Amino acid sequence: MQAVKGFLGPLGLNTSSIQDTLKLVVIGGTVETARRASISAWNGFVDSFYLTAHFSPEDYPYDWQVRFIAPLGQPAWGRSREFEITTRSVGRNQLNQSMTGDLDEEEMDEEDEHELENSRRKRRVTFMPSPDTTHTIFYRGHWLKITRTRRYQDYGHCSALKISVVARNNDILKRLVLEAKREYEKDAEHRVHIFMADTTYACWRWNGARQKRPMSSIVLEPAVKEMLLADCRDFLRSEDWYAERGIPFRRGYLLHGVPGSGKTSLIHSLAGELGLDIYVVSLSSKGMSDNTLSTLMGNVPSRCILLLEDLDAAFTRGISRDSTSTGAPTAPTKAAAETNDGSTLSLSGLLNSLDGVAAAEGRLLFATTNHIERLDPALSRPGRMDVWINFTNATKWQAEGIFKCFFPSRKSASSSSSTPSSSSPASPTSSSIDISQMNPPETRRKASSAHSVPILEEAEIAQLAKRFADAIPEGEMSVASLQGYLLKNKTRPRECVEEVAEWVLQEFEARDRMKREKEEREAKERKEVNE
Ligand SMILES: Nc1ncnc2c1ncn2[C@@H]1O[C@H](COP(=O)(O)OP(=O)(O)OP(=O)(O)O)[C@@H](O)[C@H]1O
């Protein structure tokens, strides 16, 4: 204090008031530090009694828990004074609805909920417990503290979960996780989970859970489907066989052919049949590099379908995907030249990722391409691609099959309602698959009332299907385009057949016109590049 006085005295300042201020600052600082230290010590003491489990959104247990605690936590979410209001889906199987608090809209009945309002489906508003708040719920004689914490602030909607419990050992948490897993798996039985490669973070992001698609809804030669299914099943059972012979436990399938011929649909259907998730990589996606691909490939689980889409497109940018294209790269346009998407994937990088030391084992690799002639032989050699399947434009047989898929006949309508997935595979004489199998669940729910599909006699449907197929030129149109036409006429089976010849003519005219326009555009672009 004497030093302060000695310093301030000559300046003529009032030393006593400054001394008092300094005293206050020192005392205040000491009290605040003591308060914080005691709070932190108390929290540490309390936490030492808690067992805490952390659930990361990138991994399955997060989804099991979100689903499982939702009904348990209803009273807690209802009482909560802090909410996040969202219309987005949260969790891998869109279970956010069940994490909602009491909201009038939830009391709407099923029918109201799916009503269209000004041609747009009503959006469901959901109340989520807000991140970084803690809720307490009761589970099997224990109070669980549930906290949602915000993660990856800069990267979309992502939150982790923390569950704490006061207990002597972690039995209660183990039980919680196992019970949640069982519940989740019961629900997931009917869905295929899709994960997409995130090239920015070199990780997999859950993209949605799709309803399983019955194999019978894929109109392909039954022998092809059976062969593929048997081959995949045999592979999944043969881990020891591969190990004994020192062969890497991997199998590759190359599905090639025209666009819209059912390659992707067949893979989805297969995944459902085998109970596997699908991990999708688009090799031409922005930012794809050798390292990214190798990390992604090393991180797929052992039992899954790994789908490489458009295998040829990664190394042949600028290729046109239309049906008239030969697969050769088109002339580089100005726009294409200006686009530098940072992709640095090389063929050797891809080959290494497919079967290098870091590549995951036990996965079924499916690759699709519209231009098999563009593939490097190294990429498609046995060991990398063991089974090849060619997909062509619709044959008359397929046209007949897809018609029968769309229009239920009297006999199939009754039998398919009891065993939907047991319908026999499409064949010209016996196939009759309920349209409901081809449509998403919402459409299915409304199908009988809104679309009122007339149920015709099996013999009439067979006859109409035959006439429909007669009007479709063999191998000229994709199955997807036939599906598009049938979708437009899904309630008019008879008229659909009457008008099909005219539609085919229109399609050919449109195709010629597009071809001419494309040639003109390309010629113009070539001229611009040369100038
Ligand atoms: N053989 C088929 N059986 C049943 N539906 C089919 C078939 N082929 C195509 N479709 C229908 O056409 C649409 C497109 O099919 P899909 O995406 O499987 O074709 P793709 O061959 O993978 O096409 P692309 O090469 O353009 O990716 C789907 O809605 C599917 O239902």
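A short reminder: the numbers here are calculations on the coordinates, not readings from a lab. Everything quoted here is computed from the prediction, not taken from an experiment. In this analysis, Cβ positions are derived from the backbone assuming ideal geometry, glycine residues included, and neighbour counts consider all displayed protein chains.
Observations on the structure shown:
- Using the Cβ of Ser348 as centre and a radius below 15 Å, the other residues enclosed give a net charge of -1, where K and R count +1 and D and E count -1.
- Packing, as the average of other Cβ atoms within 10 Å across residues, places the peptides 295-301, 50-56, 274-280 in the order 274-280, 295-301, 50-56, highest first.
- Using a simple spin-label model with pseudo-atoms 7 Å out from Cα toward Cβ, Trp42 and His142 lie 2.5 nm apart.
- FRET efficiency estimate (nearest 0.05) - Cβ-Cβ, Ala459 to Glu183, R0 30 angstrom: 0.05
- Ordered by the number of other Cβ atoms lying within 10 Å of each residue's own Cβ, fewest first, Lys162, Lys212, Lys174 fall into the sequence Lys174, Lys162, Lys212.
- Net charge contributed by nearby residues that have their C-beta within less than 11 Å of Gly362 (K/R +1, D/E -1): +2
- At R0 = 30 Å, FRET efficiency that the Cβ-Cβ distance of Glu474 and Leu347 yields, to 0.05: 0.25
- For Leu456, the amide hydrogen comes within under 5 Å of the amide hydrogens of Arg410, counting only partners 5 or more places away or on other chains and with H modelled in the peptide plane.
- Legend: calculated FRET efficiency, Arg467 to Glu239, from the Cβ-Cβ distance at R0 = 45 Å, rounded to 0.05, equals 0.35.
- A cut-off of 5 Å between modelled amide H atoms, ignoring neighbours fewer than 5 places along the same chain, links Phe366 with Tyr253, Leu306, Leu307, Leu308.
- Model label points for Thr491 and Ile27, set 7 angstrom from Cα along the Cα-to-Cβ axis, are 8.4 nm apart.
- Cα-Cα over 20 Å, subset of Lys212/Lys263; Lys396/Lys466; Lys212/Lys490: Lys212/Lys490
- Relative exposure of Ser40, Ser261, judged by other C-beta atoms within 10 Å (fewest first): Ser40, Ser261
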